[in-house]
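Q: Right, I'll just put the structure down here and ask away after.
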Amino acid sequence: ICYVSFDLNRLINFDKYEGYRLGLGLESSDKVSKHFVLGTYGAWGTLDKAFKYGTYSTIYLNKKKGFKLDLRYQQDVIERGGTVLQKDNFSLNSTALYRHFFIQNMETQRLAEVAISRNIRSNLKVTLLTDYQRVWFSDGYHFQSLNSPFEPPITQCDLSETALEFSWNIREKVLQLGEIRVSKRSEEHTS
């Protein structure tokens, strides 16, 4: 009887900024509750010599319809100028999986985020999120005002954002097995 699950995706990773990222991630299992997940992680980079950590929770308001509330807090690194789309999807065919190895410009980020999402149809998902983040620039990257060249450069900034995201997979077929959604491969249309 195990109340904790290990997140194997957090054990080891690699990129040009952190080097080898060694970590541990823990999540509450279904034995704790089928209505929520609590998770935490910690990681250390062999090149940047920095410790990263975070905690998160997912509360399922209606698991069958994919209606959930996500809460997240983390002190970690992010790609400078990078964008992460479709966080939930994993595919060995996607080039986004392999590009992570080549990232070498990162910033330190402290993030607090709240998101609520729901599947409108089998292939249409909507997410409303808001977050607050503080970003510390690295590797000598900074902002210098042209109007006040004698002021010290800006080496950190605070950001707040609110977003409404739509994810539409045009030909995706979904198989619903109780509360579990399984995405079947989209079939190509031939004439």
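Q: Across the range 105-163, what is the total count of residues that are among the aliphatic types (A, V, I, L, M) and open to solvent by 50 Å² or more (accessible area, probe 1.4 Å)?
A: Number of matching residues: 7.
Q: Of everything in the range 48-89 that's modelled with pLDDT under 90 and among the small types (Gly, Ala, Ser), which residue is least open to solvent (accessible area, probe 1.4 Å)?
A: Gly66
Q: Collect the residues in the range 31-47 that are in contact with a strand residue (DSSP E or B) (Cβ under 7 Å, 6 or more places away or on another chain) and open to solvent by less than 60 Å² (accessible area, probe 1.4 Å), keeping them in residue-number order.
A: The answer is Val37, Gly39, Tyr41, Gly42, Ala43, Gly45, Thr46.
Q: A follow-up question, please. Would you please list the contacts, defined by Cβ atoms under 8 Å and residues six or more apart or on different chains, that run from a residue in the range 1-27 that is β-branched (Val, Ile, Thr) to a residue that is assigned to a loop (DSSP other than H, G, I, E, B)?
A: These pairs meet every condition: Ile1/Lys31; Val4/Ser29.
The values are calculated or read from the model by the stated rules, or taken from the named source; none is laboratory data. Quantities reported herein were computed from a predicted structural model and do not represent experimental measurements. Quick reminder, even Gly has a Cβ in these numbers, built from the backbone with ideal geometry, and neighbours come from all protein chains shown. Note: areas computed on protein heavy atoms with side chains; ligands, DNA, RNA excluded. Shrake-Rupley method; radii C 1.70, N 1.55, O 1.52, S 1.80 Å.
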